[in-house]
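What follows is a short report on a single structure.
The values are calculated or read from the model by the stated rules, or taken from the named source; none is laboratory data. The structure presented is a predicted model; accordingly, all values stated were derived computationally and were not measured. Glycine also receives a Cβ, built like all others from the backbone with ideal geometry; neighbour counts cover every protein chain displayed.
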Amino acid sequence: MTGAQALIASLEKEGVELVFGYPGGVMLPVYDALFDSKKIHHVLTRHEQGAAHAADGFARATGKVGVCMATSGPGATNLVTGIATANMDSVPLVAITGQVGTHVIGTDAFQEADTTGITLPVVKHNYLVKDPREIPHVIQEAFLIASTGRPGAVVIDMPVDMSRSEIEFKYPEKKTSLPGYKPTTAGHARQIKEAARLIMAAKRPVIYAGGGVVTSGASKELAELARMLEFPVTTTLLGKGAFPETDKLSLGMLGMHGTSYANFVMMKTDLIIAVGARFDDRITGRLDTFAPHAKVVHIDIDPAEIGKNVAVTVPIVGDARTVLRELLALLKPRVEESGKPDGKAWHRQIREWKKEYPLTVPEGGLRPQYVVNEIYRLTKGKAVVVTDVGQHQMWSAQFYKASRPRQFISSGGLGTMGFGLPASIGAKMGVPKERVVNIAGDGSVQMNSQELATAVLNEVAVTIALINNGYLGMVRQWQELFYDKRYSHTHLRRGESPDFVKLAEAYGARGMRVAEPEGVEPALKEAFKVNDGPVLIDFIVEQEENVFPMVAPGASLDDMIGG
Amino acid sequence: MKHTLSVLVENKPGVLARVAGLFARRGFNIDSLAVGVTEKPEISRMTVVVDVEEHSLEQVYKQLNKLINVIKVVDLPDENSVQREMVLVKVKADTKARAEVIEIVEIFRGKIVDVGKGTLSVEVTGPSSKLRAFEDLLRPYGMVELVRTGTIALPRG
Ligand SMILES: Cc1ncc(C[n+]2csc(CCOP(=O)(O)OP(=O)(O)O)c2C)c(N)n1
Ligand SMILES: [Mg+2]
């Protein structure tokens, strides 16, 4: 068979059923082979960036590896933002790019770009195929690397002559072993023991859970630990749903736009149990004042994250689920014997903070927070929520309480505007039985609005709840607070262009507009009835609403504006 | 602080770019970098001298280990390793200075590898400190060109 056929056969062997992509010259052999595949369904997006985000959304919603493909040169460069987005958030993604023939690589051939060079800093690993017989191996390795350890993006660059060559196809039976790649999964026994000792001695503990808990499927173990010890839990943006935010032990999200009480807890705690989280600057605020009283137990599969930003008392390298199980096994008999650590005073303090500084929806007009709250109420908190980037993203995080992992999908590390719509398409195709709501920004959605066509033509029933504030709101907020309200180039001139309802309709999607609070419920109910394609609701909200509380950049975590 | 790292890598295309790119991207300063194959042709050894604080050294070490093609990273402290570097230097040496230059070269157990009109080209190997001392002694005569290989190192014992 040809190299291209071997590529498709290898993808089938890896269990791939869905691929998002866009063809071009050097990908003709691959697309020709794909035409015959009975197992792989290919979705033609309208932009390669859309394909990468869709594959990413699929991966985040399902836990499987997302796959996208594009042609050489501009096709590959268009994928880059999506690849970087996935990699920053440790999402398993395999991107296959076409490349010019090996004999002309390096000659500035038509549509040649150095894809492995360009993507090198934003991937977990990449390949340039130089021998067609390698293809099955490379695919197997790529899936192994993308999906194990700390997951990430892997790019496979396929020169067109590799695709055209004849090879004998044989998929390796045994998983490849790579000499330089052996993720540590089991935690170090002595460290786990030490962690257990600190846990039993803690007076003001907190569990700080990140995306790693979701990735490793450790939510059950985390909940068991938290409930057994009665420890409060705060989560990062990517950790939303790792622990049910509806639980009384939940503090919601922490950090720059986290709840006041979560941030106060971090500043007063004497023990942080960090699981699958990386003390990002949006979480810690000013580093030298962060969590001054805390000992830190840090559980992460990536050793490089441990001790990177914050000094750690007990480092535990390992898979979150495995380590939490080991920790539970140690702690259970101790708790049974001597009871859980006494947290009465701590919980009383937390209850007071919660009472004094709740998240509230402001009154008057159509408030974005109200829209999110209504989406939450009408979906009974069960929808898969996919956001763009900006204020609406933070309001979604604050007001849409996630109760299970993979329910809240958002570009955290890279903060990529334009992620939401294509990612929601990928998510919906991955979990078609779930209701999927894309909470979008009027700025962000225009970065990939062409994917409305993809949703319409593939009958992808996502609800696009557009929080239309007429501004690049998050940037405007910073200008308001830190630049004297000098709104330099953040005004989108709502009402002049585009008309989002007409835009949706032009693509064959349904469009609605809501400008009054009373209109929100009926519009959402109407939208949720639609099962055969996307619906866009243009929510005309208050223009200059701000996201509070807010820890100003470089400020200490307990120094919150509006908190 | 200078640290000598010995990095064993799979001998695959692009591996040098991966390692060099990592240093650039994460803002680690490289003093020198030397690459060559080992006793096993599929494995190369990169000897990297980095100038970083203790905390960053740990990051360098961990980030290098995250590269798929990196098999092993070892920190080689001066006292537990043999470190060598080579310098080739073309120094001005007219008839008057020539004898003195040759004497210095001999003290450093160097070799004269080329003789030009009014210049000598000299090869010296040794730890970096020795090469620096050698350079300092030659500088007054006027160095026309100089090139160093970067340190290579092996653990002792
Ligand atoms: C691709 C990209 N460009 C620029 C930014 C910087 N940025 C962050 S939030 C934001 C405004 C987003 O506007 P909108 O989508 O309308 O959301 P809002 O904040 O108004 O809710 C911008 C420009 C970004 N995150 N991503
Ligand atoms: Mg906006």
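Here's a check for you: in segment B:4-29, which residue that is within 23 Å of B:Gln83 (Cβ to Cβ), more than 12 Å from chain A (Cβ to nearest Cβ) and modelled with pLDDT under 95 is surrounded by the fewest Cβ atoms within 10 Å (Cβ to Cβ)?
B:Asn29
When you check A:Thr387 against the structure, is it of a type in the set (S, T, N, Q), buried (at least 18 other Cβ atoms within 10 Å of the Cβ) and either more than 16 Å from ligand 2 (Cβ to nearest atom) or within 14 Å of chain B (Cβ to nearest Cβ) (or both), yes or no?
Details: of a type in the set (S, T, N, Q): yes; buried (at least 18 other Cβ atoms within 10 Å of the Cβ): yes; either more than 16 Å from ligand 2 (Cβ to nearest atom) or within 14 Å of chain B (Cβ to nearest Cβ) (or both): no.
No.
Taking B:Glu39 as meeting all but one of (1) more than 23 Å from A:Leu178 (Cβ to Cβ); (2) away from every other protein chain (no Cβ under 13 Å); (3) among the acidic types (Asp, Glu), write down the number of the exception.
(1)
Considering each residue of segment A:181-216, count those that are away from every other protein chain (no Cβ under 14 Å), surrounded by fewer than 24 Cβ atoms within 10 Å (Cβ to Cβ) and aromatic (Phe, Trp, Tyr), and give that number.
0
Note down all Cβ pairs under 6 Å where the first residue falls in segment B:67-78 and is facing chain A (nearest Cβ under 10 Å), the second is acidic (Asp, Glu), and they're at least six residues apart or on different chains.
What qualifies is B:Asn69/B:Glu10.
Suppose we filter A:Asp247, A:Asp270 for residues that are acidic (Asp, Glu), at pLDDT 95 or above and either in the same structural domain as A:Thr85 (by TED's automatic domain parsing) or within 19 Å of A:Ala291 (Cβ to Cβ) (or both); which single one remains?
Details: A:Asp247 fails: either in the same structural domain as A:Thr85 (by TED's automatic domain parsing) or within 19 Å of A:Ala291 (Cβ to Cβ) (or both).
Answer to the selection: A:Asp270.
Of the numbered conditions (1) away from chain B (no Cβ under 14 Å); (2) crowded, with 18+ Cβ neighbours inside 10 Å; (3) touching a residue at least 40 places away in the same chain (Cβ under 8 Å), A:Arg278 fails exactly one; give the number of that condition.
The number of the failed condition is (1).
If I go through segment A:126-143 residue by residue, how many of them are within 10 Å of chain B (Cβ to nearest Cβ) and surrounded by fewer than 18 Cβ atoms within 10 Å (Cβ to Cβ)?
Narrowing segment A:126-143 to residues within 10 Å of chain B (Cβ to nearest Cβ): A:126-128, A:130, A:141.
From what's left, surrounded by fewer than 18 Cβ atoms within 10 Å (Cβ to Cβ): A:130.
Summing the residues that are within 10 Å of chain B (Cβ to nearest Cβ) and surrounded by fewer than 18 Cβ atoms within 10 Å (Cβ to Cβ) in segment A:126-143 gives 1.
Of everything in segment A:480-509, what is free of Cβ contacts under 8 Å to residues at least 24 places away in the same chain, within 23 Å of A:Val547 (Cβ to Cβ) and either within 16 Å of ligand 2 (Cβ to nearest atom) or within 28 Å of the chain's Cα centre (by Cα) (or both)? Give them in sequence order. Working first, answer last.
Within segment A:480-509, the subset free of Cβ contacts under 8 Å to residues at least 24 places away in the same chain is A:483-491, A:493, A:496-497, A:499, A:502, A:505-506.
If we keep only those that are within 23 Å of A:Val547 (Cβ to Cβ) too, we end up with A:483-491, A:493.
Of everything in segment A:480-509, those that are free of Cβ contacts under 8 Å to residues at least 24 places away in the same chain, within 23 Å of A:Val547 (Cβ to Cβ) and either within 16 Å of ligand 2 (Cβ to nearest atom) or within 28 Å of the chain's Cα centre (by Cα) (or both) turn out to be A:Tyr487, A:Ser488, A:His489, A:Thr490, A:His491, A:Arg493.
Looking only at segment A:144-180, count how many residues are under 24 Å from A:Ala54 (Cα atoms) and within 14 Å of chain B (Cβ to nearest Cβ). Step through it out loud before you land on a result.
If we filter segment A:144-180 for residues that are under 24 Å from A:Ala54 (Cα atoms), which is where we start, we get A:144-158.
The next check asks that each one be within 14 Å of chain B (Cβ to nearest Cβ); those that pass are A:144-157.
So the answer is 14.
Which residue pairs have Cβ atoms closer than 6 Å, lie 6 or more positions apart in sequence or on different chains, and pair a first residue in segment A:161-182 that is touching a residue at least 60 places away in the same chain (Cβ under 8 Å) with a second residue that is in a loop (DSSP other than H, G, I, E, B)?
A:Asp161/A:Gly101; A:Met162/A:Val129; A:Phe169/A:Met1
Would you point out the residue of segment A:436-452, among those that are buried (at least 18 other Cβ atoms within 10 Å of the Cβ) and away from ligand 2 (no atom under 16 Å from the Cβ), that is nearest to the other protein chains (Cβ to nearest Cβ)?
In this case the residue turns out to be A:Glu451.
Would you list the helices (runs of 4 or more DSSP H) that sit entirely within segment A:29-120 and hold 1 or more residues that are touching a Lys or Arg at 6+ places or on another chain (Cβ under 8 Å) and either buried (at least 24 other Cβ atoms within 10 Å of the Cβ) or in the same structural domain as A:Gly217 (by TED's automatic domain parsing) (or both)? Explain how you work it out, then say what you get.
Values: elements: A:48-62, A:74-88, A:115-119.
Fully inside segment A:29-120 and qualifying: A:48-62, A:74-88.
Going residue by residue through segment A:480-491, is there one that turns out to be closer than 20 Å to A:Ala552 by Cα, within 16 Å of ligand 1 (Cβ to nearest atom) and among the polar types (S, T, N, Q)?
Taking every residue of segment A:480-491 in turn, at least one turns out to be closer than 20 Å to A:Ala552 by Cα, within 16 Å of ligand 1 (Cβ to nearest atom) and among the polar types (S, T, N, Q).
Any idea which of A:Ser403, A:Ser424 is farther than 19 Å from A:Pro368 by Cα, of a type in the set (Ser, Thr, Tyr), more than 14 Å from ligand 1 (Cβ to nearest atom) and surrounded by fewer than 24 Cβ atoms within 10 Å (Cβ to Cβ)? Before you say what the answer is, go through the steps one by one.
Working: A:Ser424 fails: surrounded by fewer than 24 Cβ atoms within 10 Å (Cβ to Cβ).
Going through A:Ser403, A:Ser424 in turn, the sole match is A:Ser403.
From the list A:Asp300, A:Asp388, A:Asp319, which one is within 23 Å of the chain's Cα centre (by Cα), of a type in the set (Asp, Glu), farther than 20 Å from A:Gly217 by Cα and modelled with pLDDT of 95 or more? Lay out the reasoning, then the answer.
Details: A:Asp300 fails: farther than 20 Å from A:Gly217 by Cα; A:Asp319 fails: farther than 20 Å from A:Gly217 by Cα.
Exactly one residue qualifies, and that residue is A:Asp388.
Condition (residue is within 11 Å of ligand 1 (Cβ to nearest atom) and out of contact with any strand residue (DSSP E or B) (no Cβ under 8 Å at 6 or more places or on another chain)) applied to segment A:362-384: is it met by at least one residue?
no
I'm trying to understand the selection: among the residues of segment B:42-51, which are more than 20 Å from A:Tyr127 (Cβ to Cβ) and within 14 Å of chain A (Cβ to nearest Cβ)?
B:Arg45, B:Met46
Being closer than 20 Å to A:Pro205 by Cβ and either within 14 Å of another protein chain (Cβ to nearest Cβ) or in contact with a Lys or Arg (Cβ under 6 Å, 6 or more places away or on another chain) (or both) is true for just one of A:Pro292, A:Pro244, A:Pro315. Which residue is that?
On the way: A:Pro292 fails: either within 14 Å of another protein chain (Cβ to nearest Cβ) or in contact with a Lys or Arg (Cβ under 6 Å, 6 or more places away or on another chain) (or both); A:Pro244 fails: either within 14 Å of another protein chain (Cβ to nearest Cβ) or in contact with a Lys or Arg (Cβ under 6 Å, 6 or more places away or on another chain) (or both).
Residue meeting the stated conditions: A:Pro315.
What residue, of A:Val67, A:Val104, is closer than 28 Å to A:Met1 by Cα and without any contact (Cβ under 8 Å) to a residue 40 or more places away in the chain?
On the way: A:Val67 fails: without any contact (Cβ under 8 Å) to a residue 40 or more places away in the chain.
None of the other options fit; the residue is A:Val104.
What about A:Gly415, is it under 17 Å from the mean Cα position of the chain (by Cα), outside the structural domain of A:Gly211 (by TED's automatic domain parsing) and within 16 Å of ligand 2 (Cβ to nearest atom)? Show your work before the answer.
Numbers: under 17 Å from the mean Cα position of the chain (by Cα): yes; outside the structural domain of A:Gly211 (by TED's automatic domain parsing): yes; within 16 Å of ligand 2 (Cβ to nearest atom): yes.
When the stated conditions are applied, A:Gly415 passes them.
Taking the residues in segment A:372-382 that are in contact with a Phe, Trp or Tyr (Cβ under 8 Å, 6 or more places away or on another chain) and surrounded by fewer than 21 Cβ atoms within 10 Å (Cβ to Cβ) as candidates, determine which candidate is nearest to A:Arg476 (Cα to Cα). Steps first, answer last, please.
Quick first cut of segment A:372-382, residues in contact with a Phe, Trp or Tyr (Cβ under 8 Å, 6 or more places away or on another chain) only: A:372-373, A:375-376, A:378-379, A:381.
Checking which are surrounded by fewer than 21 Cβ atoms within 10 Å (Cβ to Cβ) leaves us with A:373, A:376, A:378-379, A:381.
Values: A:Asn373: 23, A:Tyr376: 26, A:Leu378: 30, A:Thr379: 30, A:Gly381: 30 Å.
Per the stated criteria, the residue is A:Asn373.
Suppose the filter is surrounded by 15 or more Cβ atoms within 10 Å (Cβ to Cβ), at pLDDT 95 or above and within 14 Å of ligand 2 (Cβ to nearest atom); does A:Met512 pass it? Before the answer, list the steps.
Values: surrounded by 15 or more Cβ atoms within 10 Å (Cβ to Cβ): yes; at pLDDT 95 or above: yes; within 14 Å of ligand 2 (Cβ to nearest atom): no.
No; evaluated as a whole, the condition is false for this residue.
How many residues are among the hydroxyl-bearing types (Ser, Thr, Tyr) and at pLDDT below 95 if we restrict to segment B:67-120? Steps first, please.
So the first thing to find is which residues in segment B:67-120 are among the hydroxyl-bearing types (Ser, Thr, Tyr), and the list is B:81, B:95, B:119.
Right, trim to at pLDDT below 95 and you get B:95.
Of the residues in segment B:67-120, 1 are among the hydroxyl-bearing types (Ser, Thr, Tyr) and at pLDDT below 95.
Could we say that A:Ala113 is touching a strand residue (DSSP E or B) at 6+ places or on another chain (Cβ under 9 Å), without any contact (Cβ under 8 Å) to a residue 60 or more places away in the chain, among the hydrophobic types (A, V, I, L, M, F, W, C) and more than 14 Å from every other protein chain (Cβ to nearest Cβ) here? Spell out the reasoning first.
Values: touching a strand residue (DSSP E or B) at 6+ places or on another chain (Cβ under 9 Å): yes; without any contact (Cβ under 8 Å) to a residue 60 or more places away in the chain: yes; among the hydrophobic types (A, V, I, L, M, F, W, C): yes; more than 14 Å from every other protein chain (Cβ to nearest Cβ): yes.
Yes, satisfied.
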